[in-house]
Structures are given as C-alpha cells and as structure tokens.
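All of the numbers you see were taken from the coordinates with simple rules; none came from a lab. The shown structure was predicted, so the numbers you read here are calculated from the model rather than taken from an experiment. Counting neighbours? That spans all protein chains shown, and the Cβs are built from the backbone with ideal geometry, glycine included.
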Protein chains: 2
Amino acid sequence: MLEKRYLFTPGPTPVPPQVLAALAEPVVHHRGPDFMRIYERCLGRLKEVFRTERDVLMYGSSGSGTMESAIANLCSPGDRVVVAVAGNFGLRWAEIARAYGVDVDTLEYEWGDTPTAEDLAARLKELGDATAVFLTQSETSTGVVCDVQAMAAAAREAGAITVVDAVSSLGAVPLETDAWGIDVVVSGSQKALMTPPGIAMVTASEEAWALRERSRSPTYYFDWERTRKAQAELDAPFTPPVSLVVALDVALGLLLDGGLETAFERHVRLGRACRAGIKAMGLELFSPDDDSAAVVTAVRVPEGVDGDKLVLGLRDRFGMTLAGGQGPLKGKIFRIGHIGWFDVFDIATALAGVELALMEAGADIERGVAVTRALDAWEEPARV
Amino acid sequence: MLEKRYLFTPGPTPVPPQVLAALAEPVVHHRGPDFMRIYERCLGRLKEVFRTERDVLMYGSSGSGTMESAIANLCSPGDRVVVAVAGNFGLRWAEIARAYGVDVDTLEYEWGDTPTAEDLAARLKELGDATAVFLTQSETSTGVVCDVQAMAAAAREAGAITVVDAVSSLGAVPLETDAWGIDVVVSGSQKALMTPPGIAMVTASEEAWALRERSRSPTYYFDWERTRKAQAELDAPFTPPVSLVVALDVALGLLLDGGLETAFERHVRLGRACRAGIKAMGLELFSPDDDSAAVVTAVRVPEGVDGDKLVLGLRDRFGMTLAGGQGPLKGKIFRIGHIGWFDVFDIATALAGVELALMEAGADIERGVAVTRALDAWEEPARV
C-alpha cells in the first residue's frame, strides 16, 4: 500500500497539486457569482490556448463527445467527408461519421505513418465534392504528429472545411487555430491541459457555423448553438462539471503563466530526452525519430518480449503505468506519454523502470545509460 | 472574502468533505487496477441505489446527456411517445424528443400540478400507439414528486415502456426500478448522490434494449451498447471522468452505509421541517404541503416582494444560494433544495436567512419562530 504511483500514459496525465487542491473546494452553484467569475476567466483562457478569437464551447464529456459534436453539427446523412486514418483516433472520426450516415472516404495509412497535405490534396481533387476533412493532430496510438497547417490549406483549396482532433496535442505542440485557418478544433481537459478527464471543448469558424445551419443530424446535448447562446450569458445549457471547471481554470492559469511557447519547447525537449534514452538502451523507436514526436514516444518491443506483459510488469512491480499498443500494434509497442505536467525526471524514472524490467527479462542493457543520455539530450538546447 | 457560503439549491448540492478529499487524489489511469477496483465497486453500488439487477451505464455528462441517450437509443423519427409536462424538466424531455423527430404527445399540466396515472392511462388509450412514456419523478422546478410506480403500471397496461428522469430524486425518495417495472431510469451525480456534477447514469430493461435494437437515430457517445460492452470488461468506451468516479464511489459508500431507507426518511423529515418553518413565517407553499415534497420546497413570494431580488439579496448579504423560479414561475417563487448532504441545521440556516431578508423587506414576521417550528417538525417522527 506504500507503493508510489507513476502515471506515464498519454492520458489521463498527471495533475499538478494546485489543480487537485482546487478540485477539493466546496461545490458552488453554476449560476452564482463565485462560479461565473471563474467560468468567464476559464473560457477566456481557453481562447488563448486555442489561439482563437472565437468562442470555445465547453462540454461535460470526454474528447470523443466533442468529436461527435463536430459530426452532428456539421454533417448530414449522405454528405461526403474525408477522414485521414493512421491510427486509432483517425478510426474514431470515421466510426462516428458513419454512425451519422455520412459518406466517409478514408485517406488510409499504415499505423505509424504520417498523413501529408499532398495525399490529402490529391484525394480531395479526385473526389471533388467533400465538404469537410477530419484530422488527428497527434495520433496518440502511434506518437505521430502531422502537419495540420499544410493539410488545412489543402482542404481550403478544395473548398472543404478542416476539423482537427487536438485532444492530446493542444497545449503540447503549436496549434494556431485562427492563423492556420483551422475551422474546427476539439480537445479535452485530461492531456496537456493538466486537468482530470470530464471536460471537452470545441471551437468553430464562421464557415463551420454556416455548415451547421444546414445540418439535418439530430443533436441536443452537443448542439453548438445551445451552448454558444448560454455561454454568451456566462451560463451553460446544462449543469456543468463545476469542480472540473474550477480545476481547469487553475491549470490553464499555470500553463499560460509559464507561456505556451515554453510549454511547447518543454515538450520538444521531453521527446528528445525520451528518444535518446530509448535508443541508448538499444531499443527501436516506433514513433518518428524527430522533434515532431513531442507528445508520445512509441517504442518497438524487443524480439522475444511481450509488450503487454512488459507494461503489466512495470505496473505490478513499480506502480508505473505506461501504455501498450492498440489495434494492430497490440503487444508490439509500448508508449510513454509526456504530455502536460512532465519534466525530465519523469522521463528518467520511466526509462529506469523500462530498463529494470527489460534486464529482468534477460535483455542486455548497460545499466544507467538510458537515464544519462536522456539528461544529456534534455540539456542540449541550452548548449546550442 | 471571509464570508461563508451556503448552497441550498436543488443541484448541484453540497458535497461531504470525504468526497471532496477523494477528488483531490492523484489521477489514476482508467485501465489500471487501482481504478478498475473502484469502478467495479462504484458500478455495483449504483445498482444498489437504482434498486436494479441490471447494468447501470455510466457517462461523463450532465443528467440531460443520459436523458438524450434514452431518446436516441429508444426512439426513431415518427415514433409516438407521451411526455408528462408539469414543469421545466418535463419540457426538456419533450424538447429532446422533438430534436430527434419524434412525434411527441404532451400530457400537459399547470406547473406545480401533479401528473397522475389516471390521466396517463386515458391519454395512452386515446392514442393507442405510443411506444414510450417519459416522466419526471421529481420535477425540480416545482417541488412536485409524482407516483411513477402507478404511472409505469398504466404505461405497461397500454404496451408502452416507461422512462423516468430521476436526476433530483434518486437517493432522496424511494424508486424501485425493478420492482415497480420502470424500464429506463436516468440520473446524475450532483443531487442526492452527493457528488459534483459531471457523471450521469442510465439503466434499461430488456424491453427497452429490444426497442434500442429497432432505433434508427444516430448516436455514438451515448450509444448504450458501446458502454454496456465496455463496462462488462470493467472498461469504458471513452476516458471516464476518473476523479469524479472515485468521488462518487465514496459518496455512494456513505449513502449505502447509512442505508437508503434512512436517507429517504431524512428527506421526508427535512421536507416537513422546511414546510413547518415556511408556514410559521406566514408564507405560502407552492410545492405540495405533504410528505411527497421531500426533495425541494417551493415557496410563493409574498405580495410586494420580487422573488429574484430576494434570492439575489440572500446571496449577496449572507453568501446563501437558493433557487428562484423558472419559466412562468420566475420571480413568483423561490426554492429551497434539501437533497443529499443536508440536515435540519441547514434547513434552520436557510429559514433564518429568508426570515432576515424578508424582515428587512418590511415583512411582519415573528423573529425565530420559523427555526423553532422547523426543529419541532424535525423531531416529530421520533415522538410518534
């Protein structure tokens, strides 16, 4: 019972103590002035984090809830859309859209490949009539971060709006909603926003709102207009998860006080440190070996080792939660998340745990070299 | 800033300190053993509170989310359903159903009236083809609790299933889901379950699951089958609000340790105490003057007093949050919630606040008599 716990998954992520303390505050009424002050500030901070002048709508749900909100508000049965699929969360876009009778054209990649603007432009040209493109900025299942700026430009060129799942990327890697012309961005509280799961958000461009006017899909809880109207009065159409909102406000304050650029730089360095350590152990990266992989480091499990058993062993031996592989990658990779409230010592701890577990499984690894190289790589930018 | 806060609204409601403390625990991964143990226990406790042997499905949303889940899973465009409307939350059922293209027949009452099984039976007979009946056990906007047992029997007689909004009633007044033959019950965490808002639940009978098989409405996040399948593996289809689940588990433990019957009895006595105090002040009740009104006490605002101003004054002068009237009752009533973590001293405090505010507004009230009568009424059952 005295065992410490280490949360190294790509979500939910560790939550700072100030944010946890805010969760324990007495519940306030969502229509009282105590809450409305916090709500207003939190909605304003979300706009800063989303880098948008538009409203950011807040929902009590997981990120998949606001993903569904995008489909339900933007699409009608028979509409043609393109979904880039290179992992589990791309598949989710396609699955939700199909549940709404949308005519889904998937731009399919091997899991672990990086979708490109060129492929998207070609597909959109071929189709000619797609109304919307659904993208995953950070594909949490593979560690790949794609260039949504270039892809949004390709979509706009073809007359389609761009919808981006930024659940695991917002606040970790740059996303310029307005400047890059991203029409719709959805995200959630439980990744780089350093808050427990339970809040999801979405923001939409005027073009997206115009599409919404034409949508014939039924929706109520996730109807954007109902939430926009209420938020304009600092109200919510349904009782919001007030404790989580109070916590999110504290977390966003921490993030913005430090500065978004600082957070982005830290994530790049965390990714570098993690990759350096993994390679020093002689392991092979599954996620890209470059600075784009700033969110999740995915690692191929060495020959003769079962990835799921490795993850279970880390959990049972060291109280350390890493993520295994999903879908076709089950048992073949493990994933170290470094999203949000992480520093290099968390990376060192995760690497040390993996090293101990692999050595016990018979791997030939030089003790301590992973941690050493990780610390080296972390320091590098300071030396450049 | 040193002002104390008193939350006397019918939701969100005060949360016990043990539950708040649980919220501040470090976040755990939803697929790890630490969480799965809690999740399993919490799902089991929900079955006890819902008085059902069936699965209780858990969602990250407000109660309106699981209300929508019932419509989306049970209804198709053109289906005929009956909704009993005697206040704001009956209207919500109708509004959600209409958003899904359902042919809604409303059994309309004046706000404050109590829907009856006789009226429902007559309407169902007249229509002949209704597939489902949507009810509100505790109409939070008026304080009326209706006899869902008798109404469910009338629905069954007519071949329709019964769907009950028990958001503000579950855990406060008796609801025997299985024994009364209620097909679907929806509820939320933030009322008598003594947890912050952000979790909603739903349970469904075999007849309801059979209707779901035929539904042609699109739904994804709220698709019951997806959640049932996942929960069978102690998993969730989407990252659940883990901190709220941990808190809910603690709150349900408190509720069940004390015993549901004890909670029901306490709510009856709280209602008696509140009504006795209100009448002692010479005020007129809007909610029924009997033991059915165990959830919310609604009070007519005296001649010459603006109800909304009264509520604002209580908030600004004493840090005390009561609820005003909704819809046609705006400004005409105020409401004292006594759901969940309330005892008679909370009632006394609320009454004392109302007394002070009304005396300042020029009302002729004998100082202290409301609190005295409330304490008397609270003690009564012990003397019977």
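A few remarks follow.
- Ordering of A:177-183, B:106-112, A:63-69 by burial proxy (mean other Cβ atoms within 10 Å per residue, highest first): A:63-69, A:177-183, B:106-112
- Rounded to the nearest 0.05, the FRET efficiency derived from the C-beta distance between B:Ala21 and A:Leu254 at R0 = 22 Å is 0.50.
- Dipole in debye (nearest 20) - the protein assembly as shown, about Cα centre, beta carbon charges: Lys, Arg +1; Asp, Glu -1: 820 debye
- If you wrap the tightest convex hull around every Cα atom of segment B:42-173 and split its volume per residue, you get 103 Å³.
- Per-selection Rg to Rh, segment A:273-384 - Cα, Kirkwood hydrodynamic radius: 0.94
- Position B:Lys47, label points 7 Å along Cα→Cβ, spacing to each other copy in nm (shortest first, one decimal): 4.9
- With 10 Å bins from 0: P(r) over the protein assembly as shown, alpha-carbon pairs, percent: 3, 14, 23, 25, 18, 11, 5, 2, 0
- Most fluctuating residue given options B:Gly327, B:Gly188, B:Gly60, as computed from a GNM of chain B linking Cα atoms under 10 Å: B:Gly327
- The packing ranking of peptides A:87-97, A:124-134, highest mean first, is A:87-97, A:124-134, where packing means the average number of other beta carbon atoms within 10 angstrom of each residue.
- Segment A:Ala150-A:Arg216, extension gain: residue separation times 0.36 nm, minus the distance between their alpha carbons: 20.7 nm
- Inter-copy label distances at B:Leu127, shortest first and taken from points set 7 Å along Cα to Cβ: 4.0 nm.
- Over 19 Å between alpha carbons, listed pairs B:Lys4/B:Lys279; A:Lys332/B:Lys229; A:Lys47/A:Lys229; A:Lys229/B:Lys191: B:Lys4/B:Lys279; A:Lys332/B:Lys229; A:Lys229/B:Lys191
- For chain A, calculated [θ]222 nm from helices alone, where every DSSP H run of n ≥ 4 adds -39500 (n - 2.57): -14000 deg cm²/dmol
- Mean separation of Cα contacts under 8 Å, 6 or more apart, over the residue count of chain B: relative contact order %: 22 percent
- Sorting B:194-203, B:335-344 by average packing, meaning the other beta carbons within 10 Å per residue, from highest down gives B:194-203, B:335-344.
- Translational diffusion coefficient (Stokes-Einstein; Kirkwood radius from C-alpha pairs) of segment A:147-224 at 37 °C, 0.692 mPa s, in µm²/s: 242 µm²/s
- Here the label points at A:Asp103 and B:Asp343, each 7 Å from Cα along the C-beta direction, are separated by 6.6 nm in the simple model.
- The charge dipole of segment A:304-346, taken about its Cα centre with unit charges on the Cβ atoms of Lys, Arg (+1), Asp and Glu (-1) only, comes to about 180 debye.
- Peptide B:7-16 shows a mean partner chain C-beta count of 3 within 10 Å per residue C-beta.
- Rounded to the nearest 20, the Cβ-based charge dipole of segment B:61-139 about its Cα centre (Lys and Arg +1, Asp and Glu -1) stands at 240 debye.
- Listed by chain and number, the lysines whose C-alpha is less than 24 Å from the C-alpha of B:Lys125, apart from same-chain residues fewer than 8 away, amount to an empty set.
- Lys/Arg +1, Asp/Glu -1 at C-beta; segment B:225-274 dipole; positive extreme among B:Gly258, B:Ser243, B:Ala273: B:Ala273
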